Amino acid sequence: MEPFMQKSGAPMLLHLEPWRAEHAEITAGFTGRQGGIGKAPYDSFNCAFHVGDEPSDVLGNRTLLAESLGFTLQDWTCGEQTHGKDIAVVKADDRGRGSLDRASAFQGTDGLLTNVPGVLLTSFYADCVPLYFYDPLKKVVGLAHAGWKGTVAEIAAAMVARMETGYGSRPQDILAGIGPSIGDCCYEVDDYVMDHIRQLEDGLKTAAGSGPSQDLYRTSEADDRKSMLNLKEMNRRIMIKAGILPTHIECTSWCTSCNQDLFFSYRKENGVTGRMTSWIGIKES
């Protein structure tokens with residue numbers, strides 16, 4: 001069953017449904033491209049400043065998302081992503097960083113982690129992989145942005161390590177989610193990328209875990225010098241290698257490149273497009 005289920009109405013929201021059903025204290029999910037106020041080529045639900053969209057439209061869309069989830073724009077907290085693996089721990093005083101402009105966001109940050117109720121962690125995507133983390137015992141939530149560079153840097157494992165050292169989380173207690181992103185049906189890469197991928201390959205072969213497993217990559221039918229890369233499966237195996245139980249990982253089947261009517265796709269739209277938003281937050285009592 002697809003874990004990211006679309007809620008009817010506007011804006012377009014895909015909730016991480018198994019978590020919503022079992023853990024009412026948190027909210028987690030991913031936006032589509034529909035139901036906002038933005039104009040082409042960012043039509044219509046772009047929530048990222050850095051793509052060149054009108055700032056007023058971005059703020060309007062952010063407000064729309066936050067309020068749809070029972071938060072406010074002042075709760076919205078984000079980082080300035082660089083395709084790295086740095087993770088920021090969000091304290092109560094950090095609430096709202098990056099909500100109104102890029103300058104106040106956590107700089108050079110692709111992962112966010114907090115145990116503070118009322119903080120809405122957010123990050124932005126147009127094909128890269130959104131990763132979600134929740135420890136229901138320690139009440140800690142996290143988000144990570146993983147393109148191929150963040151995947152190779154094993155940002156998923158870095159998040160697990162920060163949850164262990166910062167909050168006393170045990171990997172076997174952590175729930176994880178892998179959200180809508182480009183699939184191996186569409187993600188063709190060259191040898192430069194594959195050279196980095198192969199450095200991790202041996203360590204991930206034994207981390208397939210129980211349940212269905214997929215190949216990490218295959219030769220492209222269009223160009224046998226290139227490969228079709230499965231970033232979702234790579235991140236799933238990195239999570240397992242870090243100690244997360246395979247049965248605690250929810251993985252989407254959505255491909256952002258295949259579904260251009262529903263999602264922004266950097267690759268399909270030649271780089272000129274908006275960004276979807278991943279979110280996670282602990283609700284205030």
Practice task
Answer rounded, prolate or oblate for the stretch 133-196, using the Cα gyration tensor with square roots of eigenvalues a ≥ b ≥ c: rounded when a/c is under 1.5, else prolate when a/b is larger than b/c, else oblate.
Solution key: prolate
Exercise for the section: Excluding residues fewer than 8 places away in the same chain, name every one of the aspartates and glutamates whose C-alpha is closer than 19 Å to that of K283. Expected result: E17, E22, E25, E67, D75, D93, D94, D135
Problem - Pairwise label distance in nanometres, A21 with K138, each label 7 Å out on the Cα-Cβ vector - result: 2.8 nm
Practice task
Sort H248, H50 so the one with the fewest other Cβ atoms within 10 Å of its own Cβ comes first.
Solution key: H50, H248
Practice task
Would you mind ranking W19, W76 by Cβ crowding within 10 Å, fewest neighbours first?
Solution key: W19, W76
Exercise for the section: Treat each spin label as a single point 7 Å out from the Cα along the C-beta direction, and report the S285 to E269 distance in nm. Expected result: 4.2 nm
Completion exercise
Taking a ≥ b ≥ c as the square roots of the Cα gyration tensor eigenvalues, with a/c under 1.5 meaning rounded and otherwise prolate when a/b beats b/c or oblate if not, the stretch 108-250 comes out prolate
Practice task
May I ask you to compute the full-extension gain from S56 to M194, defined as 0.36 nm times their residue separation minus their alpha-carbon distance, rounded to one decimal in nm?
Solution key: 45.7 nm
Handout entry: Ratio Rg/Rh [Cα only; Rh per Kirkwood] for the stretch 178-285
Key = 1.01
Practice task
Please work out how much length the chain gains when fully extended from D224 to T206, using 0.36 nm per residue of separation minus the C-alpha to C-alpha distance, in nm with one decimal.
Solution key: 3.8 nm
Problem - N259-R170 pseudo-label distance in nm [points 7 Å out on the Cα-to-Cβ vector] - result: 3.6 nm
Handout entry: GluC sites (Glu not before Pro) within the stretch 216-285, DSSP loop, no more than 16 other Cβ atoms inside 10 Å
Key = E221, E269, E284
Practice task
Express in nm, to one decimal, how much length is gained between A40 and C186 on full extension, taking 0.36 nm for each residue of separation and deducting their alpha carbon distance.
Solution key: 50.2 nm
Practice task
Would you mind ranking T122, T82 by Cβ crowding within 10 Å, fewest neighbours first?
Solution key: T82, T122
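Bear in mind these aren't lab numbers, they're just calculated from the coordinates by the rules spelled out. What you see is a predicted model; the values in this text were computed from it and never measured. Reconstructed Cβ throughout: ideal geometry from the backbone, glycine too, with neighbour counts over all protein chains shown.
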